[in-house]
Amino acid sequence: MKKSITRNISFALLGYTLFIVLLLWLFQISFLNSYYQIMQKGSIGRASNKLIQQMIATDPDEPFDAVLERISFSHRMCSLLLDGDGNEITSIDMLGRGCMIHSPARFSLAQLLTPLLDGEQNNMVVIVNDRHFKGDQLVSATAVTLPDGARRILVLNAWLQPVGSTQEILKSQLFIITCVLALLALGISWSVARRIARPVDNLTKKARRLADGDYTADFDGGGISELDRLAETLNFAAEGLSRVEELRRELVANVSHDLKTPLTMIKAYAEMIRDLTGGEKSKRDQQLEVIISESDRLSELVSDLIRVSRDEDAQQRLSPAAFDFSELLRDTVERFRQICPDYSLSLDCPEASPVFADQNAVSQAVYNLISNAVNYTGADRAVRLSVRPIGDRLRFEVRDSGQGIPADELPLIWERYYRSRNTHQRPVTGTGLGLSIVRSALARQNLPFGVDSVVGEGSCFWFELPRASAPGAPPQVRL
Ligand code: ADP
């Protein structure tokens with residue numbers, strides 16, 4: 001069975017509470033007696049040390065008997081000071097009938113002191129069960145040799161209070177505390193779990209809607225920082241998906257429009273030849289020319305789509321090498337001059353421009369940029385190409401005199417399937433794929449590229465290539 005957040009938190013909090021309660025039980029109930037005895041032994045030991053120090057002091061600031069009385073009083077104990085033969089020198093009885101060392105009927109002091117009197121032992125602490133008073137007593141005896149060589153034995157006797165009744169009180173208190181803490185733990189874990197589980201549930205529901213294609217879902221992490229971050233990421237993903245969906249719809253619309261126009265023309269001209277002009281060679285040839293050029297447009301469109309899908313697979317391998325960029329430009333410009341004789345294409349480039357890059361990818365980028373410039377240039381139908389050196393690079397520019405691109409559209413035009421809103425003001429063919437192919441061709445080689453555009457004046461698309469000093473010699477550039 002899978003564990004829910006509520007269950008996990010409840011178990012953790014309940015476990016923690018039980019652990020604390022167990023510690024309290026151990027220390028306050030089970031170990032209370034031993035702990036108390038250790039404390040009392042420590043206390044009587046310290047009192048005994050203090051008294052012995054006082055006894056052996058050469059110049060005491062207070063008479064020993066007074067100190068013995070004061071300390072016996074403050075520790076609520078009886079004391080006896082004996083000489084080396086066990087004869088009493090000083091005696092203080094603070095406990096009265098409760099004292100063991102003053103009650104020979106209940107306790108044999110001589111028996112306890114034998115090892116000290118014989119000099120076998122110097123110190124001992126014993127707990128004696130006093131059957132008469134039904135309790136325990138602590139008796140400590142310490143032998144000491146004074147500076148003048150005389151031997152003394154200091155005996156102290158303190159009551160050990162019975163802890164049984166205290167334990168009973170603590171037990172009943174702890175029982176109540178255990179119940180209250182367990183209830184509190186359950187309540188807190190339930191409310192914390194609800195606070196976390198609810199936004200998680202919401203996120204899950206909305207993510208399901210997103211998976212079903214509803215991109216309007218607005219994810220909210222409920223003010224929990226980790227969930228807020230997740231919600232932010234999901235919102236970002238939803239935005240991206242919605243944009244892709246929008247672009248996909250646009251592409252289908254554009255591609256179907258761009259496929260339909262040439263197909264209509266091809267069909268119309270083919271029918272015309274069949275029904276009317278089949279016998280007239282000059283008219284028939286003219287119309288066949290149109291059919292051929294429309295077929296070319298169709299095949300161009302299909303090639304673009306194939307190139308993009310191949311790019312998507314990221315299977316295309318780059319093979320950078322040195323080649324003459326000027327020569328590539330001259331060949332491409334020549335092709336364009338033949339396809340669009342009504343346009344004026346000027347090329348300003350050095351006689352030879354050796355560069356180091358993947359020639360196919362660069363040629364693709366050049367072709368698409370010139371094709372766009374021809375498509376979008378202004379009434380003068382002019383497109384200017386130039387190449388100039390910048391440091392160890394060559395900068396290639398394609399300028400047109402078209403409407404330019406608004407600043408807010410500039411970052412978008414490189415995206416796949418993007419076509420400007422005002423594109424359809426002119427009978428321009430295109431799928432919105434041209435610039436995404438340019439971007440992919442250049443970015444994969446880490447080549448800088450961009451566009452400068454002024455609305456109403458035209459655009460200048462550019463990219464830079466690393467120069468090759470001699471054909472075949474790669475420059476220091478990462479591809
Ligand atoms: P398309 O097939 O629509 O030309 P592209 O990816 O080549 O697709 O271009 C994307 C969009 O960028 C175009 O729809 C157009 O709005 C804009 N664009 C591209 N080149 C130019 C240019 N030289 N002048 C003005 N706009 C341009």
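Are any residues in the stretch 374-397 open to solvent by less than 40 Å² (accessible area, probe 1.4 Å) and assigned to a strand (DSSP E or B), and if so, which ones?
A382, V383, L385, S386, V387, L394, R395, F396, E397
Between A185, A253, A237, which is outside any loop (DSSP other than H, G, I, E, B), open to solvent by less than 40 Å² (accessible area, probe 1.4 Å) and among the hydrophobic types (A, V, I, L, M, F, W, C)?
None of the others qualify; the one that does is A185.
Restricting the search to the stretch 337-367, which residues are touching a residue at least 40 places away in the same chain (Cβ under 8 Å) and more than 53 Å from the chain's Cα centre (by Cα)?
Residues satisfying the conditions are Y343, L345.
Condition first: more than 12 Å from the ligand (Cβ to nearest atom) and in contact with a strand residue (DSSP E or B) (Cβ under 8 Å, 6 or more places away or on another chain). Now tell me which residues in the stretch 360-381 satisfy that.
Matches in the stretch 360-381: V362, V366, D380, R381.
Pairs only if they're at least six apart or on different chains, beta carbon under 7 angstrom, first in the stretch 397-408 and closer than 12 Å to L345 by Cα, second in a helix (DSSP H, G or I) and aliphatic (A, V, I, L, M); list them, first residue then second.
V398/L369; V398/I370; V398/A373; D400/A373
Scan the stretch 155-168 and tell me whether some residue there is part of a helix (DSSP H, G or I) and touching a helix residue (DSSP H, G or I) at 6+ places or on another chain (Cβ under 8 Å).
So far as the stretch 155-168 goes, yes, one or more of its residues are part of a helix (DSSP H, G or I) and touching a helix residue (DSSP H, G or I) at 6+ places or on another chain (Cβ under 8 Å).
Restricting attention to the stretch 362-373, which residues are open to solvent by 10 Å² or more (accessible area, probe 1.4 Å) and in contact with a Lys or Arg (Cβ under 9 Å, 6 or more places away or on another chain)?
Result: Q364, Y367.
Can I169 be described as farther than 30 Å from F236 by Cα and in contact with an Asp or Glu (Cβ under 6 Å, 6 or more places away or on another chain)?
Here the answer is no, as I169 does not meet what is asked.
The values are calculated or read from the model by the stated rules, or taken from the named source; none is laboratory data. This one's a predicted model, so the numbers in the text were calculated from it and none came from an experiment. Methodologically, a virtual Cβ is constructed for each residue, glycine included, from the backbone with ideal geometry; neighbour enumeration extends over all protein chains shown. Note: areas computed on protein heavy atoms with side chains; ligands, DNA, RNA excluded. Shrake-Rupley method; radii C 1.70, N 1.55, O 1.52, S 1.80 Å.
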